[in-house]
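Note sheet for the following structure.
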Amino acid sequence: MGVSIDLTEKAARDLHGARASAAPAEKPTLIGLTRPQLAEALKDAGVPERQARMRVQQMWHWLYVRGVSDFDDMTNVSKDLRALLRERFSIARPEIVEEQISNDGTRKWLLRFPPRGAGRPVEVETVYIPEEGRGTLCVSSQVGCTLTCTFCHTGTQRLVRNLTSEEIVSQVLLARDRLGDFPDRDTPQGAIVPSEGRKVSNIVMMGMGEPLYNYDNVRDALLVFADGDGLSLSKRRITLSTSGVVPGIVKIGEETGVMLAISLHATNDELRDVLVPINKKYPLKELLDACRAYPGLSNARRITFEYVMLKGVNDSLADAKDLVRLLKGIPAKINLIPFNKWPGSAYECSEWEEIEKFADFINANGYASPIRTPRGQDILAACGQLKSASERMKKTERLAYEAMMIAGHGD
């Protein structure tokens, strides 16, 4: 069974520090701003315009290369300017409400962000998935979701609000803090991380929410992720997943150049209208036309189509044939996702034999078709299981569910 971190000793001190440094709601943050936005913020605070460009470069280095969360750690910035920044702005991390670690090394953080305006504090989940050659961080873009995809646990939670670019970027900064992925930070003893290179090497916008319904904030966060003088993640290692918000697909490709994933799950409009209701607004033909027009699309930059395997719903050989026909001419790979059961769901996962037959047919017809290994199921961190604390099960219900998952080996 996965465990919640016992808030003792070093972990308790770390988490207490994160909570103690939570930003007051009225203090604007410098995290997540684009370079021009950061320059404007500094000028508005009284930094002379002729110095702003140099100060932006300094801030950028400290925030995204060194990973500091305290202005006093910016040692090449004058004391007077540090005092000004501390008075006017925040660079604090979000509060960690809970950290859970799965048997397979997957980590899930429940993060709390302060109120915005007249709102209340909000909570989101962020998941880290370690593998031998890479570490993938699944980042949320909204609190809740509006799309009501019938197989998705997050879709049962109402939308509370969009996350700001700062709140999106902060998920990455916090994960790198906790994993020892910044200079002078230690990786937690016993943590499962890639054997070499960066602990967070890949980012997927596949957490809570529909990224393209929070377009401006997501775009700005992606540009921060990819900035070569900061977090410096390759655009080929950043993937945005959408359920099919057609007007934003080509636009996000033009403005960011990141990789694209489509939450597909059905090969005809009738079924997709049920599984992914946004299909009623943007049906398959419009969606696939937008995919074909995605900037930079090639065999080296394929679109990933996500396809959850639902028993007796979309997993037949006829469905596999329709899928190949539907995607003809699009450089693509197809991720088959064994359905992750959650309380109250009406669906069941396809039998493993059926999933393998489906994958074999897709592969034989020229499309890479990996079967995604379920990760973090014992801590409800698997694909489609994320849901913020305000909507979570009671603790007794969650413990009973986790016990059921172990007894059934995740089936």
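The values are calculated or read from the model by the stated rules, or taken from the named source; none is laboratory data. Please read these numbers as outputs of a predicted model, since none were measured by experiment. Neighbour counts are summed over all protein chains in view; Cβ atoms, including those assigned to glycine, are modelled from backbone coordinates with ideal geometry. Keep in mind that these areas ignore ligands, DNA and RNA; they rest on the heavy atoms of the full protein, side chains included. Shrake-Rupley method; radii C 1.70, N 1.55, O 1.52, S 1.80 Å.
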Less than 15 Å from a label point 7 Å out along the Cα-to-Cβ axis of Lys235: which backbone N atoms in the range 115-149 qualify, by residue? none
³J(HN,Hα) computed for each position of the range 82-97 - Karplus, 6.51 cos²θ - 1.76 cosθ + 1.60, integer Hz, glycine/proline x: 4, 5, 4, 4, 5, 6, 9, 10, 10, 10, 6, 7, x, 6, 8, 7
Of 226-232, 87-93, ordering from highest average Cβ density within 10 Å down gives 87-93, 226-232
So how strong a dipole does the range 204-288 carry about its Cα centre when Lys and Arg Cβ are +1 and Asp and Glu Cβ are -1, to the nearest 20 debye? 200 debye
Average accessible area per residue (Å²) across the range 159-311 - probe 1.4 Å, nucleic acids and ligands excluded: 36 Å²
Sequence order, the range 126-132: Karplus ³J(HN,Hα) from phi using 6.51 cos²θ - 1.76 cosθ + 1.60, θ = phi - 60°, Hz rounded, Gly and Pro as x, gives 10, 10, 10, 10, x, 9, 4
What length, rounded to one decimal in nm, is gained on full extension from Asp72 through to Arg325, with 0.36 nm per residue of separation minus their alpha-carbon distance? 85.2 nm
For Ala368, list long-range residues whose amide hydrogen, built 1.01 Å from N in the peptide plane, is under 5 Å from its own amide hydrogen. Ile334
Find how much the distance from Gln57 to Asp227 grows on full extension, using 0.36 nm per residue of separation minus their present alpha carbon separation; answer in nm with one decimal. 60.0 nm
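Add +1 for every Lys or Arg and -1 for every Asp or Glu among the other residues with Cβ under 11 Å from the Cβ of Glu306, and state the total.
+2
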Dipole magnitude of the range 236-329, debye to nearest 20 (Cβ charges: Lys/Arg +1, Asp/Glu -1, about Cα centre): 300 debye
Considering amide H positions built from the backbone, and no H for Pro or chain starts, which residues 5 or more places from Val308, or on another chain, come under 5 Å of its amide H? His265, Ile337
Round to a whole number: what % of the accessible area of the range 197-339 belongs to carbon and sulfur, probe 1.4 Å? 48 percent
Please work out the C-alpha center-to-center distance from the range 163-189 to the range 73-117 and express it in whole Å. 9 Å
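How much area per residue is accessible in the range 25-136 when the probe is 1.4 Å and only protein heavy atoms are counted (Å²)?
Accessible surface, normalised per residue, equals 46 Å².
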How far is it, in nm, from the label point at Asp186 to the one at Asp289 when both lie 7 Å from their Cα along the line to the Cβ? 5.9 nm
